[in-house]
Amino acid sequence: MSDIVIYTSQFCGYCSRAKMLLESKGVNYKEVAVDKEPGQRQTMVQRAGGATSVPQIFINDEHIGGCDDLYALEAQHKLDTLLA
């Protein structure tokens with residue numbers, strides 16, 4: 001099983017969509033709320049190579065990107081391989 005971390009913020013529709021896709025795949029993930037946990041936004045920005053928007057998604061420490069990137073992997077039939 002993959003190690004998945006998703007950085008989110010409250011009231012973020014893209015965050016909700018990304019989590020919904022991951023949940024539909026039946027995978028567990030760690031959610032880090034950057035608006036509730038001090039210092040986590042800076043950690044996210046560093047890990048994501050300067051990206052400041054949420055969500056930022058990591059699978060096995062590989063930066064996937066945001067919600068659109070996650071759905072693009074799904075459309076290309078590559079997401080299941082990463083999640084295996």
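Among the listed values [x] 34, 24, 21; [y] 38, 32, 16; [z] 61, 39, 26, the one computed from these coordinates for Cα extents along the principal axes in Å is [x].
Each stretch of four or more DSSP H residues adds -39500 (n - 2.57); spread over every residue of the chain, this sum gives -11000 deg cm²/dmol at 222 nm.
Scanning residues 5 or more positions from Gln56 or on other chains, those with amide H under 5 Å from its amide H are Tyr7, with H placed 1.01 Å from N in the peptide plane. The modelled label-to-label distance for the pair Phe11/Lys25, using points 7 Å beyond Cα in the direction of Cβ, is 2.9 nm. Each of Val27, Val32, Val54 has some number of other Cβ atoms within 10 Å of its Cβ, and from fewest to most they run Val27, Val32, Val54. Set the Förster radius R0 to 30 Å, insert the Cβ-Cβ distance between Thr52 and Ser2 as r into 1/(1 + (r/R0)^6), and round the FRET efficiency to 0.05. With R0 = 30 Å, the Cβ-Cβ based efficiency is 0.75. With contacts defined as alpha carbon pairs under 8 Å and 6 or more residues apart, what's the relative contact order of region 4-83 in percent? Reported relative contact order: 34 percent.
Among beta bridges identified by DSSP and lying wholly in the chain, the antiparallel ones come to about 65 percent.
The Cys residues in the chain with no partner Cys Cβ within less than 4.7 Å of their Cβ are Cys67.
Taking the dipole about the Cα centre of the chain, with the C-beta of Lys and Arg at +1 and of Asp and Glu at -1, give me whichever of Cys67, Thr43, Gln10 is farthest to the positive side. Final value for the positive-end residue is Gln10.
Quick note: the coordinates plus some simple rules give every number you see, no bench work behind them. Values in this document were obtained by computation on a predicted structure and should not be read as measured data. Quick reminder, even Gly has a Cβ in these numbers, built from the backbone with ideal geometry, and neighbours come from all protein chains shown.
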